[in-house]
Amino acid sequence: MRGRKAVRRALLTVLVSVGLLAGQATPASAGHHPHGSPIGESRDLRKGVTVRGIREHQRALQRIADANGGTRAAGTPGYDASVDYVVKKARAAGYRVSLDEFTYVVEFTEGSPPVLEETAPEPQVFVPGTRPAFDGDFVTFTGTGDVTAAVQAVDLQLPPGPAPNSSTSGCEVEDFAGFVAGNIALMQRGTCPYIQKATLAQDAGASAMIIFNEGQPGRTAVPENLPLGAEGIHIPGVGTSFDVGVDLSDAGTVARVKTEVLEETATSVNVIAESRRGDPNRTLVVGGHLDSVPAGPGINDDGSGTATILEIAEQMAKQHITPRNKVRFMWYGAEELGLIGSTKYVEDLSQEQKDDILAMLDFDMLGSPNFARFVYDGDGTAGPVGPTGSGFIEDLFVDYFAAVGLFNEPIPFDGRSDYGPFIAEGIPAGGIFTGAEQPKTEAQVAQYGGIAGAQYDPCYHAACDTYAGTGDGPGATAPGLGLVALDQMSDAATHAVYTLSKTRVDVRNTPN
């Protein structure tokens, strides 16, 4: 470690003294960075981007939430105030700032109760609200319809795999090879977003869909938190439990799915702050989402990414760093409602504008209080391969962590953050992540410290995702550990932004 910041010195000294950093990568000789600039070239910017500066932005976001009912969710005054804060700071730093307005579905309501029935070979009606049979809420991104048709299983994993998020049911176009148009698609929860399953099922000609839980312990009841607001899905759909899904997967099953969905629309904005210098044909997009969930202020999710991006932008301006490539800092709206802001942004780009994007960096949750150091897997060693160039971006982070002696782990592109719409269009992307609702393992505790069996972020999507909860004082979820994460991950993010803003390499043409 280079010992640049007091918080890093104090906290990492404790970790090292108890052996929690044992087994980490050996620092590369002379700080050489084979996939980017030498690590020393970003040193001044990394010194400028401090935990103290990031926390000042997070404190401001907490104050905004406190003044607006405890939330910064899309469509609330707390979100509007968050937009005003970022706009003010970015304009003061000298960036060209614009608001990218979009319309989205803010609420689905039932025109009538949903229906799920098996009509053959053993007729039965699943009653809404009687868990674990059938959820009283339809799959909320679906349209209105009343369909009775044959049920066709789509790449199910039965029995379920040993670990959560192992089923790829409905995640790939190939899963629908041989799908009979007009059938009801039966899909299993797993590695990709529900909306991805819904879109591919509709494109394959499904008349309706049923999504059931994956089947591991804790993942057997009706899936919760099904996303809102994805437009363009017209077929009806319902969510159900693992047991019901298994029952409906039998060959020859015929089912009825009925939903009546009423939509209420609203408008929101993405915030864009663009550098005044740099090649516009080689634009680096640096993004994270600005909204929280309704339940809380979202100071880690994604106040940590929001604040880090803003601090990087401010420090680049303060240090008069002239980028070779245009840098477009972005704060997306309505991410928590289904990646809506980033999706709308990408959809509205012309093909020429998409081709002008050199790379996309996504920073969503960089200060989880029970953290791990994850790098999105661009080259496909841990999951689906990203667009050409994504492996280069992954190596940029991995090589940085190796140079500073920090262990890290690959994590697949699972489509759960704002890089999703970019990689869907073939734009190279990458980023880092400190974990959300998954439990931390004993092996990870040996690497990072923390609490085995607890979530990486024990306050994920909860009211306790606060400034205090992510800190080291009273009310902290895991005192001080989130600040270690924020320190280390913000350095990595800063190095990546600096390197890609200066690189002569055409990332879009580098092999994975």
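The values are calculated or read from the model by the stated rules, or taken from the named source; none is laboratory data. Computed from a predicted structure; not experimentally measured. As a convention, Cβ positions derive from the backbone with ideal geometry for all residues, glycine included, and neighbour counts pool all protein chains shown.
The condition of being surrounded by fewer than 18 Cβ atoms within 10 Å (Cβ to Cβ) and in contact with a Lys or Arg (Cβ under 8 Å, 6 or more places away or on another chain) holds for Thr388. Residue count for the stretch 177-199, restricted to those that are more than 13 Å from Phe242 (Cα to Cα) and in contact with a helix residue (DSSP H, G or I) (Cβ under 6 Å, 6 or more places away or on another chain): 1. On inspection, Ala382 qualifies as of a type outside the set (Asp, Glu), without any contact (Cβ under 8 Å) to a residue 40 or more places away in the chain and over 30 Å from Gly475 (Cα atoms). A single entry from Thr434, Thr503, Thr494, Thr499 fulfils the requirement of being touching a residue at least 40 places away in the same chain (Cβ under 8 Å) and within 16 Å of the chain's Cα centre (by Cα): Thr434.
For the stretch 65-76, the count of residues that are at pLDDT 95 or above, out of contact with any Lys or Arg (no Cβ under 6 Å at 6 or more places or on another chain), assigned by TED's automatic domain parsing to the domain that holds Gln488 and closer than 22 Å to Ser490 by Cα is zero. Within the stretch 466-475, is even one residue surrounded by fewer than 24 Cβ atoms within 10 Å (Cβ to Cβ) and touching a Pro at 6+ places or on another chain (Cβ under 6 Å)? Yes, that holds for at least one residue.
Of the strands (runs of 3 or more DSSP E) contained entirely in the stretch 134-217, those carrying at least 3 residues that are at pLDDT below 95 and surrounded by 21 or more Cβ atoms within 10 Å (Cβ to Cβ) fall at 134-138, 208-212. Restricting Glu214, Glu172 to residues that are touching a strand residue (DSSP E or B) at 6+ places or on another chain (Cβ under 7 Å) and touching a residue at least 12 places away in the same chain (Cβ under 8 Å) narrows the list to Glu214. Lys258 meets each of the listed conditions (1) among the basic types (Lys, Arg); (2) at pLDDT 95 or above; (3) crowded, with 19+ Cβ neighbours inside 10 Å apart from (2). For residues that are of a type outside the set (A, V, I, L, M, F, W, C) and in contact with a Leu (Cβ under 7 Å, 6 or more places away or on another chain), scanning just the stretch 80-106, find the one that is surrounded by the most Cβ atoms within 10 Å (Cβ to Cβ). Result: Ser82.
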